[in-house]
């Protein structure tokens with residue numbers, strides 16, 4: 001059944017694509033709103049151009065790598081959304097699976113996973129981070 | 001604990017390495033800093049470069065033989081500029 005449908009889509013791609021309804025970010029619910037953890041993380045990165053998953057907060061970071069990531073993002077003078085995973089054990093595990101990345105901090109820019117602490121530092125030092133942020 | 005020579009071997013087996021520094025940060029052979037330069041990194045984002053290195057060292061990272069890995073990846077051009 002699926003095979004037949006797929007072949008129709010392949011041959012009538014243009015026609016069918018007009019009828020595709022794009023999922024809206026409003027449909028991404030947080031857990032409080034009845035969504036699951038993946039939906040909540042998706043909403044966070046869809047609704048904020050820069051998101052930092054960290055240990056602690058920018059004012060009170062609980063880990064040197066998180067502190068550094070927060071300082072780097074703060075240096076651009078743009079608002080960035082932070083999520084303290086230490087107060088949310090479910091999200092602490094889920095974000096690692098979601099990003100397929102084993103450590104915290106994690107940075108999302110423009111809805112895409114940029115990387116962890118070393119990647120952020122590397123891209124800050126070589127100017128790539130500036131390019132990515134200016135492209136927002 | 002994981003010998004730096006084995007890290008060197010595993011990375012060179014998976015990646016076309018043109019320069020490689022492996023630094024034992026604590027003298028305990030489980031906290032390393034790696035600086036790796038490869039033409040394979042040309043035209044790719046740092047995320048995929050780091051993923052490649054992590055994949056090459058997946059076994060000792062998963063087992064905890066390497067407890068911490070501080071990583072810096074560079075293309076040959078970036079390495080020339082950084083020197």
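The values are calculated or read from the model by the stated rules, or taken from the named source; none is laboratory data. Only a predicted model underlies this, so the values are computations on that prediction, with no experimental measurement involved. FYI the Cβ positions are ideal-geometry reconstructions off the backbone, even for glycines, and counts take in every protein chain you see.
Details
- Selection of the range B:57-69 for residues being surrounded by fewer than 17 Cβ atoms within 10 Å (Cβ to Cβ), in contact with a strand residue (DSSP E or B) (Cβ under 7 Å, 6 or more places away or on another chain) and either facing another protein chain (nearest Cβ under 10 Å) or under 18 Å from residue B:42 (Cβ atoms) (or both) yields only B:68.
- The one condition in (1) within 11 Å of another protein chain (Cβ to nearest Cβ); (2) part of a helix (DSSP H, G or I) that residue A:113 fails to fulfil: (2)
- Scan of the range A:120-133 for residues that are at negative phi, within 11 Å of another protein chain (Cβ to nearest Cβ) and without any contact (Cβ under 8 Å) to a residue 12 or more places away in the chain, ordered by number: A:122, A:123, A:125, A:126, A:128
- Selection from the range A:64-100 of residues that are in a loop (DSSP other than H, G, I, E, B) and out of contact with any strand residue (DSSP E or B) (no Cβ under 7 Å at 6 or more places or on another chain): A:75, A:76, A:77, A:79, A:88, A:100
- Only listed residue being touching a residue at least 60 places away in the same chain (Cβ under 8 Å), away from every other protein chain (no Cβ under 14 Å), more than 30 Å from residue B:64 (Cβ to Cβ) and loosely packed, with under 15 Cβ neighbours inside 10 Å, chosen from A:78, A:136: A:136
- Applying the condition of being surrounded by fewer than 16 Cβ atoms within 10 Å (Cβ to Cβ) and at the interface with chain B (Cβ under 9 Å from one of its Cβ atoms) to the range A:95-110 and asking which residue is farthest from residue B:61 (Cα to Cα) yields A:100.
- Taking the criterion of being loosely packed, with under 15 Cβ neighbours inside 10 Å and under 15 Å from the mean Cα position of the chain (by Cα), the only residue of the range A:47-59 that qualifies is A:47.
- The condition (being surrounded by fewer than 16 Cβ atoms within 10 Å (Cβ to Cβ) and at pLDDT 95 or above) is satisfied by just one residue among A:92, A:62: A:62.
- All positions within the range B:39-56 that are away from chain A (no Cβ under 12 Å), under 13 Å from residue B:11 (Cβ atoms) and in contact with a helix residue (DSSP H, G or I) (Cβ under 6 Å, 6 or more places away or on another chain): B:56
Yes/no per residue for (1) out of contact with any strand residue (DSSP E or B) (no Cβ under 8 Å at 6 or more places or on another chain); (2) part of a loop (DSSP other than H, G, I, E, B); (3) within 22 Å of residue A:65 (Cα to Cα):
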site: B:20; (1), (2), (3): no, no, no
site: B:28; (1), (2), (3): yes, yes, yes
site: B:71; (1), (2), (3): no, no, yes
site: B:80; (1), (2), (3): yes, no, no
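- Test result for residue A:42, more than 19 Å from residue B:69 (Cα to Cα) and surrounded by 15 or more Cβ atoms within 10 Å (Cβ to Cβ): yes
- Restricting attention to the range B:30-53, the residues being within 18 Å of residue B:6 (Cβ to Cβ) and part of a helix (DSSP H, G or I) number 2.
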